[in-house]
1. Pick from Lys62, Lys43, Lys36: which is farther than 20 Å from Val83 by Cβ, out of contact with any His (no Cβ under 6 Å at 6 or more places or on another chain) and part of a loop (DSSP other than H, G, I, E, B)?
2. When you look at Leu180, is it among the aliphatic types (A, V, I, L, M) and either in contact with a Cys (Cβ under 9 Å, 6 or more places away or on another chain) or closer than 16 Å to Asn100 by Cα (or both), yes or no?
3. Limited to segment 337-370, what total is found for residues that are on the phi > 0 side of the Ramachandran plot and aliphatic (A, V, I, L, M)?
4. Give segment 61-83 a look and list any residue that's free of Cβ contacts under 8 Å to residues at least 40 places away in the same chain and open to solvent by less than 80 Å² (accessible area, probe 1.4 Å), or say none.
5. Any residue at all in segment 267-275 that's assigned to a loop (DSSP other than H, G, I, E, B), out of contact with any strand residue (DSSP E or B) (no Cβ under 8 Å at 6 or more places or on another chain) and of a type in the set (D, E, K, R)?
6. Go through segment 317-370 and report how many residues are within 26 Å of the chain's Cα centre (by Cα) and of a type in the set (S, T, N, Q).
7. Looking at Glu255, is it crowded, with 20+ Cβ neighbours inside 10 Å, more than 22 Å from the chain's Cα centre (by Cα) and of a type in the set (Asp, Glu)?
8. Could you figure out which of (1) among the polar types (S, T, N, Q); (2) touching a Ser or Thr at 6+ places or on another chain (Cβ under 7 Å); (3) not in a strand (DSSP E or B) isn't true of Asn175?
Amino acid sequence: MKISYTLARSVQSDVLICPVLEDQKTFSSYEVSLRKYIKDLKKSKLFSGKSGEIEAVITGSKKLPKKIYFVGLGRQSKLESNVVRDGIANATKKIMNKRNKKVAFYLVEDFEKYVQEIAEGLMLVNYTPAKYKTGENAKKAKENLFVEIQFVGKNFSKTIKDKIKNVLKVVESVNMVRDLVNGPSNIVSVEHFTNEAKKIAKKNNYSLKVFERRTLKKMGMGSFLSVNKGSGNKEAKLVILEYKPKGLKKADVAEPILLVGKGVIFDSGGYNLKPTKYIEDMQQDMAGGAVVLGIFKLLKDLGIKKIVIGVVPLTENLIDSQARKPADIVTSYLGKTIEIRNTDAEGRMILADALSYGIEKYKPKYTIDL
């Protein structure tokens with residue numbers, strides 16, 4: 001996605017998004033040509049600037065885009081990150097069509113401190129899950145995506161541009177996670193997920209370890225491997241990524257942050273089989289693990305000054321003659337025995353061993369499980 005910057009009188013887009021507050025009394029920070037439209041709208045009571053309001057105006061001006069979408073963000077006292085992000089995202093959705101390949105946004109000085117949330121609202125909606133569609137369906141799904149965001153204003157500092165640049169990196173990472181989560185398990189398999197981790201590790205010079213079923217058995221990960229028992233020849237793997245930037249203080253080196261993400265590539269529920277209308281989406285049960293990969297895709301780019309460890313246990317939860325059954329008893333990495341009461345409680349089984357190993361091995365200051 002291309003990012004560009006321009007003055008209001010030089011906008012090269014047919015549509016412009018412009019934010020307005022409900023209790024805004026003066027509009028001196030807006031371009032002169034925009035002030036009249038805002039005042040007229042407020043006077044007519046067609047648009048007050050309340051949170052969630054969106055009003056379109058046809059300008060008929062050669063100096064402005066043909067159409068301006070004024071977006072209400074509510075009162076100044078109640079303005080917060082999620083209000084800004086959601087308001088801008090909803091407005092952006094309204095202008096997405098096959099004709100508008102460029103989105104212009106008027107960055108008023110009053111809203112500069114929310115530039116990160118504004119950029120997120122603009123960029124995060126520019127995604128389609130229709131990656132595997134073909135023919136006319138694929139064309140329709142993709143034709144509404146835009147290729148450029150043009151920020152419009154009076155001045156753009158390096159700080160503002162750097163924040164927008166970082167958001168673009170975050171959104172690219174989010175979209176990678178979306179692709180993994182939306183991908184079917186016959187494509188986004190344990191092997192595919194592991195290969196994605198390898199690519200991220202190689203590109204960023206991270207340490208990567210991948211423990212396979214034989215090693216996991218020797219390590220005593222009976223809770224994790226019990227979920228994998230019904231998966232036949234489909235492997236279980238424990239993927240471990242280590243991010244260790246240079247120049248850290250001793251305290252930061254001694255106390256890493258541990259991220260542990262659930263990586264159930266497909267969850268049938270086992271013998272406690274999931275019903276129709278639930279089972280169809282169970283390729284999404286590896287979303288926690290996908291988020292860990294997404295974070296590692298960003299750590300070096302964003303220059304994070306902490307040691308971060310990512311641990312993702314990967315398996316499917318399927319049914320064959322070897323699958324665990326209700327009332328089975330297994331032994332975890334910590335040596336605790338666990339009675340299986342419901343085979344659809346697989347997430348806590350794989351996370352138990354992954355968390356135990358990660359905490360024992362790395363002695364983190366913080367542990368975040370996903």
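The values are calculated or read from the model by the stated rules, or taken from the named source; none is laboratory data. What you see is a predicted model, and the numbers here were worked out from it, not measured in a lab. In this analysis, Cβ positions are derived from the backbone assuming ideal geometry, glycine residues included, and neighbour counts consider all displayed protein chains. These area figures cover heavy atoms from the full protein model, side chains too; ligands, DNA and RNA do not enter into them. Shrake-Rupley method; radii C 1.70, N 1.55, O 1.52, S 1.80 Å.
1. Values: Lys43 fails: part of a loop (DSSP other than H, G, I, E, B); Lys36 fails: part of a loop (DSSP other than H, G, I, E, B).
Sole residue among the options that is farther than 20 Å from Val83 by Cβ, out of contact with any His (no Cβ under 6 Å at 6 or more places or on another chain) and part of a loop (DSSP other than H, G, I, E, B): Lys62.
2. Judged against the criteria, Leu180 is not a match.
3. The first filter runs over segment 337-370 and keeps only residues on the phi > 0 side of the Ramachandran plot, leaving 363.
Next cut, aliphatic (A, V, I, L, M) only: none.
Within segment 337-370, residues that are on the phi > 0 side of the Ramachandran plot and aliphatic (A, V, I, L, M) number 0.
4. Within segment 61-83, Ser61, Ser81, Asn82, Val83 meet the criteria.
5. Within segment 267-275, none of the residues are assigned to a loop (DSSP other than H, G, I, E, B), out of contact with any strand residue (DSSP E or B) (no Cβ under 8 Å at 6 or more places or on another chain) and of a type in the set (D, E, K, R).
6. The qualifying residues number 2.
7. no
8. Failing condition for Asn175: (2).
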